[in-house]
1. Can you report the number of residues in region 121-153 which are aliphatic (A, V, I, L, M) and more than 26 Å from I329 (Cα to Cα)?
2. Tell me which residues, restricted to region 320-345, are closer than 30 Å to K18 by Cα, crowded, with 23+ Cβ neighbours inside 10 Å and away from ligand 1 (no atom under 16 Å from the Cβ).
3. Could you pull out the residue among A74, A84 that is outside any loop (DSSP other than H, G, I, E, B), out of contact with any Pro (no Cβ under 7 Å at 6 or more places or on another chain) and either modelled with pLDDT of 95 or more or surrounded by 14 or more Cβ atoms within 10 Å (Cβ to Cβ) (or both)?
4. Spot the failing condition for F334; the list is (1) within 16 Å of ligand 2 (Cβ to nearest atom); (2) free of Cβ contacts under 8 Å to residues at least 40 places away in the same chain; (3) among the aromatic types (F, W, Y), and only one is missed.
5. Of the residues G296, G246, which single one is assigned to a strand (DSSP E or B), modelled with pLDDT of 95 or more, touching a strand residue (DSSP E or B) at 6+ places or on another chain (Cβ under 9 Å) and within 15 Å of ligand 2 (Cβ to nearest atom)?
6. Starting from residues that are buried (at least 16 other Cβ atoms within 10 Å of the Cβ) and aromatic (F, W, Y), keep the ones in region 251-293 and report whichever is farthest from ligand 2 (Cβ to nearest atom).
7. Run down A242, A230, A213 and say which single residue is crowded, with 16+ Cβ neighbours inside 10 Å, small (G, A, S) and more than 16 Å from ligand 1 (Cβ to nearest atom).
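The values are calculated or read from the model by the stated rules, or taken from the named source; none is laboratory data. Remember, predicted model here, so these are calculated numbers, not experimental data. Cβ: placed from backbone, ideal geometry, glycine included. Neighbour counts: every protein chain shown.
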Amino acid sequence: MKPYGNTEAVEQAYSLAKVVYANLGINTDRAIQAAVDIPISINCWQGDDVTGFEGATGLSGGGILATGNYPGRARNGDELRADAEFAFSLIPGKKRFNLHTLYAETGDKKVSRDELEPEHFKRWMAWSKERNIPLDFNPSFFSHPLTESGYTLASGDPKVRGFWIRHAIASRRIAAAFGTNQACPAVNNIWIPDGSKDMPADRLSPRMRLREALDAILAVPLEPQTIIDAVESKLFGIGSEAYVVGSHEFYLGYAAAKQIHLCLDMGHFHPTETIADKISAALLFVPGLLMHFSRGLRWDSDHVAIYSDELRDVCRELTRQRIFDRINIALDFFDASINRIAAWTIGTRSLRKALLESFLEPTSLLLEAERAGKYHERLALMEAFKTLPFSAVWDKLCLEAAVPIGPDWLTRVNEYEEQVLAKR
Ligand code: RNT
Ligand code: ZN
């Protein structure tokens, strides 16, 4: 494939596009700046198929699944950090990195998940500081013998429940240490797999236990400027098709009651239900949202995010409401069947692209038509905006950010695959 990016052509196309957008009242330079300034928290777990460093050979239990066997998975912290850094060089804009407790580096010592401390993440924190990449965090309620019953925080066994409560508290303390290290809060997102394959007779008791467990976890006081607590719902998982304890209603109610953040994952709702519409409603009652950009495909909620209508809708909604100060943007997918660095690059670039597009929308024209009751005009404009010379602005953003233009990054990924990944 011939290189796609050509500086002169990009500049020329941009200067023409700039005029088209200016006529619609949009300043393209400002849109580019706004789009690169929004931090995207990149999911570390795409780099190793959610395996982690506890000695596991893959993801197990917990209602989620990483399928595929593409060569080159990162096997330790150094490889994961090197791969991430390489991916960062292909991705424009501000980045964060999202870890799970599974990625603790405990040396030769086995440390139980309920005894993890910030010191087990000191290499991550040093890296974060050095590269200026803030970290986010997640307790890991899967790939562990104590998830075998299918229940963790909602377990009826006080020993099991106690273990996971201690784990979640440890995770919050580590997230707060990240927040101190990086001088901006780390998001600590609680997602648990608890649920039942078939119809339960008692839907209430596990939910009461989950509420109590969360209360105990959140009762531990931490500096609010170091941590943002979030909770993530799901409609169903593998092996929890009939019932998930932490459903949307459960967490929406809980987050509103406790005034913590609600996580909305694009893949966690009915197939025709999108999260774009939930944002304005939820934000009336919760202080903020954590967005998990993902892609549901049939039974799977975790395909690589792409520049889809659903994803673009979510970005448009965030921008139309100008609520970025209350929103944390994260990616959540894991595909072990393709080059993992390409997966990161595709997902993150697609999201950044959709953010840029949202800043280029002449929203005031839509609002004018809407307020005048001219819905035909609103629809006509929406259709017209779809084919504005957007790609010229996106290419310019990449040029300015000094990352490859268009699909040119593939050449670099292929080189890295040959030189680094193939040798693992
Ligand atoms: C699972 C949730 C959760 C996980 C990650 C690994 O359904 O979406 O966010 O994907 O924490
Ligand atoms: Zn998620």
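1. 1
2. Listed by number, the list holds a single entry, T345.
3. Working: A74 fails: outside any loop (DSSP other than H, G, I, E, B).
Selected residue: A84, the only one of A74, A84 that is outside any loop (DSSP other than H, G, I, E, B), out of contact with any Pro (no Cβ under 7 Å at 6 or more places or on another chain) and either modelled with pLDDT of 95 or more or surrounded by 14 or more Cβ atoms within 10 Å (Cβ to Cβ) (or both).
4. The single condition F334 does not satisfy is (2).
5. Values: G246 fails: assigned to a strand (DSSP E or B).
Exactly one residue qualifies, and that residue is G296.
6. Within region 251-293, the subset buried (at least 16 other Cβ atoms within 10 Å of the Cβ) is 251-252, 254-255, 258, 260-269, 274-276, 278-279, 282-283, 286, 288-293.
Subset that is aromatic (F, W, Y): 251, 254, 269, 293.
Numbers: Y251: 12, Y254: 17, F269: 12, F293: 9 Å.
The residue in question is Y254.
7. Details: A242 fails: crowded, with 16+ Cβ neighbours inside 10 Å; A230 fails: more than 16 Å from ligand 1 (Cβ to nearest atom).
That would be A213, the only listed residue that is crowded, with 16+ Cβ neighbours inside 10 Å, small (G, A, S) and more than 16 Å from ligand 1 (Cβ to nearest atom).
This table checks each residue for (1) surrounded by 21 or more Cβ atoms within 10 Å (Cβ to Cβ); (2) among the polar types (S, T, N, Q); (3) modelled with pLDDT under 95; (4) outside any helix (DSSP H, G or I).
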site: Y4; (1), (2), (3), (4): no, no, yes, yes
site: E8; (1), (2), (3), (4): no, no, no, no
site: G25; (1), (2), (3), (4): no, no, no, yes
site: D29; (1), (2), (3), (4): no, no, no, no
site: S41; (1), (2), (3), (4): yes, yes, no, yes
site: T51; (1), (2), (3), (4): yes, yes, no, yes
